[in-house]
Structure formats: C-alpha cells, structure tokens
Amino acid sequence: MKTWLLRIILMLQVFGLISLYAYHLNIEKTGKTYLLRAEPLDPRDLLSGDYVALQYTISTLPDKSPISAFNMPIYVTLQPAGTVWEIGDVNEAPPTGGVPYLKGRVLGSQISYGIERYYVPEGKGKQVPSDLYAEIVIQPGGTAQLKRLYSDGKPWPR
Amino acid sequence: MKPTQKSLRPHVNAWVEDSLITQEQGDGILARYPTTSTSPATLTFSIIGGMLCILGVVLLVSANWQSIPREEKLGALLGLLTVSTLLGTEGSRRKWHPAIPEIGYFFAAVLPLIGLALVGQIFNLSGSGFALILTWFISIFFLPFLSFSPSAFVVWLISLSALVPLGITEYHGEWFSDEYQTISIIYALLGALVAAASQLWSKAGRSTQRAWGESLGLILTSLGLYAYDCATYYPHSHVPSWEIAWGAVFILNLGAIFIGYKAHRTALVNIGFVMLGIIILSFYCRLAGSMLSTGMLFLSAGTLLIILIFTLRKLRKSILQ
C-alpha cells in the first residue's frame, strides 16, 4: 500500500473541497447582486436536507420567444422593474453592451438557472411566506448563485 | 473460529511435554497458523456500525444548523475526512484490528460526497446530480486501489453504478428505444464488465474485493436484464422481449451457480440462487402467455436442465476414464 499516495489523495480532496467553497464564496462576495420575485414550494433532499424550491417570475419563457429546444443553453437579459428585476430578451448567445444577463436552460416553457433551491434548517421550510424575494449574485459568464431570501423586507427564514 | 497460535499453544506444549512431538516440530506447527484471528462477525458488525455512523453524519449535515458558522461546518467535515484517511493508513501500517482501517477507509470514501453536498447546501446550488456524483467518483477514483480496502471498493462501485442512470436521464441518452431500456442495457453491460474486471484483484491476492466485484456485477447484470421490459407499456414489436431477458437472467445465474460451486465462490452461489428464485417466481406470477404455456415452459426447462446435468456428468466420467 502506498501511504504517501493516499495522503496526496487526501490533500487533493481537502484542497478540492476548499477550492469549491472559496470559488462560490468569491462569487458571493464580489458579484453584483440583483433582487428577483420568487414563489415557493417545499420539498426535501436526503443528502442536503430541507430546501424551498423556488420559481421566479423570470422562470417562464416569454410567449413570443423563438426558442423552443429542450435543455438548450440560453441567455436572459434582466431589466429593472421598481426594486426588482424582470425578464428582458431571451437569446441563444450572450448579450453585449454591459447589460446584466443570466445563463439558463430551457425546459419546455420553463427556464432553469440553477438557483431554484434554497436550503433551510430542518422544519423551517414548512411555512413559507408567499412574498419572497431572492437576492442573487451573477458572475461575468451569466452563471447565477442564490445568496439570500427576503420576506417583508427582512432575511428569511428568521 | 479458525485456530490460531494463541489457541493452539497449550495443546502443542502438552504434546511436547508428553514427548509426542519435539519442540522444533511444535514450533513448526505453530508457525503454520496466524498469531491472532480476525472474526468475520467483528469486521462485519464494525462496518455496519460505520455505515450507521456515516448516515448519522449525513443527517446531521442535512439538518442544516445555520447557527454554526459555515466555515466551522466545512472545517469539521475536512477534519473528519483527514482523521478517517489517517486512521486507514496508520491502522493498516501498524497492523491494528482490520476493522479500524476498514472503517477509516469507508468514511474516507463517503465523506467527499457529504463535503460536496455541504458546499451545495451552503451556497444553495441546485446543479446536476450527475456532476455531483461524477466529482465524488473522481475524488475517490484511486482510493480502493491504493488502500486495498474492500469497503472503499464497494463505495466506489456504488458511485459508478449511480453515474449511469443520472447521466442517461440528465443527458437524455436514448441509444435504445427509450431512456429506461438504455439504462437497463448499460447496467447489464456494466455488471458484466465489473465482474470480469474484478478478476484482476486475484493478481493482487485480494479475494474479498474480487468476490464483491463478481457479486455486484452479477446483481447489476441480472437486474438490468430483469428490468429491461418492465416499463414498456406499448411494445414496438411482437417479440416478447421480457421473456427473452428473464430467460437470459435464468441462464446467467445457472452459470454463476455452476462457477460458484466449481471455483468455491460462495457469494456467486448464494446470489445465483436468490436471482433464480426471483426469476422463477416472476415467471410464475406474470405467466408467459397463459397457464398452459407457462406450465409447458417450466416443464420443458426443468426436464432440459435435468437431462443436461446428467448428460454432462456422464460425459465427464467417460472423459476421465
């Protein structure tokens, strides 16, 4: 048995997990934040625990959109609507000109952005308020990360 | 329990005192036996205890204690991962009880997955399950082959088996009539590959890993073929594919039992019998057409099998003579 090789694997595993953590922490700390209107559901994941499944007002593909292919990557621009941001144009290529945009995937008439789960402590997901707002962070490629949920102007769950 | 030097020494000393054997002969006899024994029950129950502990860790992580700072949660998990791997390496090197390094390696194989789930939980990531399992599989890819740990190898096989349905469903791989049948066929092929590749463990003198590989391979292939036609409500052709697939499982497990008896592989015999039981009961309950045709099928298969085994026995005797 190569003990030193096993120790190298251990170091790589630890380094990998710390790098993954640091990568997402960097996005959370340095990315620009946007507020989206969200609607909740409440399922459970056996590995990561209770979470609130979210659907956003930007999750529905606009009727006039020409894109219909399944599981296809798309780019959605955001436009301000008061304090929150709403869906703008939907394109197959990333937009130019500094306009904020999200990268997603078309799933039928819905768009998935990878920010549809918010993990909560056990039991806290049973009574989810209906007025939820999601604070998201977007990195330059359009990949989003869900930072925090707000209800009634305060972070949720309390 | 197998005899050891410790258990035999009083008897050998008595034989030497009675001048039945010389001291050198006594030492020679003792040298043929291990110093201490490892009870398979102790090892098995230790691994079951380890499994319960790891499930406990999973549930503690799932409970999502937001009062604990996330850096501390990740730090505790990385600490546990480090301790587990060191327990495995040091336990093997210092010849501790085999259950201790085995539990260490078992934790070292599962904890990277819990770590990935924890990071996903902290940052609310809802990405691909395939990517999660693939990252886990890559992170433990070399562990069973460097540690020679059977439990790490079983975890490795489970992660490999989990990749197949996740990859096919997420990327909509339909190389056969639908995703379900694609998964079944890939499972059947993967099982055969795992069982065949596990023979390489014999070269390293690791019969436990070989037995696990053969057993899981046989289970994967049998279940893959068994489930092949279960979800097809509107068959594309009139060929009764489930009867062919179940028949293949029957013959495969007959072969496994035969090899198991010939090569003294108890696991193959046991699994083969369980699978045969499932297949015969399934045929009986589902009925291949009607009671008449199922009855005829059972009668002909049973008669054929009896004739075949006696013919082979007679043939073997004539060759030996």
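Structure notes:
- Those residues of region A:1-28 which are within 25 Å of the chain's Cα centre (by Cα), within 7 Å of chain B (Cβ to nearest Cβ) and either among the hydroxyl-bearing types (Ser, Thr, Tyr) or not in a helix (DSSP H, G or I) (or both), in sequence order: A:Tyr21
- Where a residue in region B:242-271 is assigned to a helix (DSSP H, G or I) and its partner, wherever it lies, is of a type in the set (Lys, Arg), with Cβ under 7 Å and at least six apart: B:Ile259/B:Arg265
The rows are residues; the columns are (1) of a type in the set (Phe, Trp, Tyr); (2) farther than 30 Å from B:Asp178 by Cβ; (3) modelled with pLDDT of 85 or more.
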position	(1), (2), (3)
B:Tyr284	yes, no, no
B:Leu292	no, yes, no
B:Ile307	no, yes, yes
B:Arg316	no, yes, no
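- Residue count for region B:85-108, restricted to those that are without any contact (Cβ under 8 Å) to a residue 40 or more places away in the chain, more than 8 Å from chain A (Cβ to nearest Cβ) and open to solvent by less than 10 Å² (accessible area, probe 1.4 Å): 2
- Residue-level check: of (1) farther than 23 Å from B:Ala117 by Cβ; (2) outside any strand (DSSP E or B), A:Val106 misses just (2).
- Residue in region B:179-196 that is assigned to a loop (DSSP other than H, G, I, E, B), open to solvent by 30 Å² or more (accessible area, probe 1.4 Å) and more than 24 Å from B:Ile271 (Cα to Cα) present: no
- In the set (1) more than 10 Å from every other protein chain (Cβ to nearest Cβ); (2) free of Cβ contacts under 8 Å to residues at least 12 places away in the same chain; (3) touching a Leu at 6+ places or on another chain (Cβ under 6 Å), B:Leu146 fails one condition alone, (1).
- Only one entry of B:Trp136, B:Trp156, B:Trp212 meets the criterion of being without any contact (Cβ under 8 Å) to a residue 40 or more places away in the chain and either under 30 Å from A:Asp45 (Cα atoms) or among the aromatic types (Phe, Trp, Tyr) (or both), and that entry is B:Trp136.
- Per the listing A:Leu17, A:Leu10, the residue uniquely out of contact with any strand residue (DSSP E or B) (no Cβ under 7 Å at 6 or more places or on another chain) and under 20 Å from B:Val61 (Cα atoms) is A:Leu17.
- No other residue among B:Leu111, B:Leu52, B:Leu125 is surrounded by fewer than 19 Cβ atoms within 10 Å (Cβ to Cβ) and closer than 30 Å to A:Val52 by Cβ apart from B:Leu52.
- Residues being within 17 Å of the chain's Cα centre (by Cα), within 27 Å of B:Glu170 (Cβ to Cβ) and open to solvent by 30 Å² or more (accessible area, probe 1.4 Å) - total across region A:73-100: 3
- Leading residue by the ranking (nearest to B:His172 (Cα to Cα)) among those in region A:123-147 that are within 13 Å of chain B (Cβ to nearest Cβ) and open to solvent by 60 Å² or more (accessible area, probe 1.4 Å): A:Thr143
- All positions within region B:109-134 that are within 8 Å of chain A (Cβ to nearest Cβ) and β-branched (Val, Ile, Thr): B:Ile114, B:Val119, B:Ile122
- Counted residues, region A:3-31 - those being farther than 16 Å from B:Val119 by Cβ and in contact with a Lys or Arg (Cβ under 8 Å, 6 or more places away or on another chain): 1
- Failed condition for A:Val120, given (1) away from chain B (no Cβ under 14 Å); (2) hydrophobic (A, V, I, L, M, F, W, C); (3) touching a residue at least 12 places away in the same chain (Cβ under 8 Å): (1)
- Top-ranked residue of region B:163-176 - restricted to ones that are in a helix (DSSP H, G or I) and open to solvent by 30 Å² or more (accessible area, probe 1.4 Å), ranked as nearest to B:Ser198 (Cα to Cα): B:Pro165
- Annotation: of all residues in region A:29-53 being within 9 Å of chain B (Cβ to nearest Cβ) and either open to solvent by less than 40 Å² (accessible area, probe 1.4 Å) or in contact with a helix residue (DSSP H, G or I) (Cβ under 6 Å, 6 or more places away or on another chain) (or both), the one that is farthest from A:Tyr150 (Cα to Cα) is A:Leu47.
- Selected residue (only one of B:Leu43, B:Leu81 is of a type outside the set (Ser, Thr, Tyr), at pLDDT 80 or above, open to solvent by less than 80 Å² (accessible area, probe 1.4 Å) and part of a helix (DSSP H, G or I)): B:Leu81
- Residues that are closer than 30 Å to B:Phe137 by Cα, of a type outside the set (A, V, I, L, M), within 9 Å of chain B (Cβ to nearest Cβ) and in contact (Cβ under 8 Å) with a residue 40 or more places away in the chain do not occur anywhere in region A:58-76.
The values are calculated or read from the model by the stated rules, or taken from the named source; none is laboratory data. Nothing here was measured: the structure is a model prediction, and the numbers come from that model. With ideal geometry, Cβ positions are generated from the backbone for all residues, glycine too; neighbour counts draw on all protein chains shown. Keep in mind that these areas ignore ligands, DNA and RNA; they rest on the heavy atoms of the full protein, side chains included. Shrake-Rupley method; radii C 1.70, N 1.55, O 1.52, S 1.80 Å.
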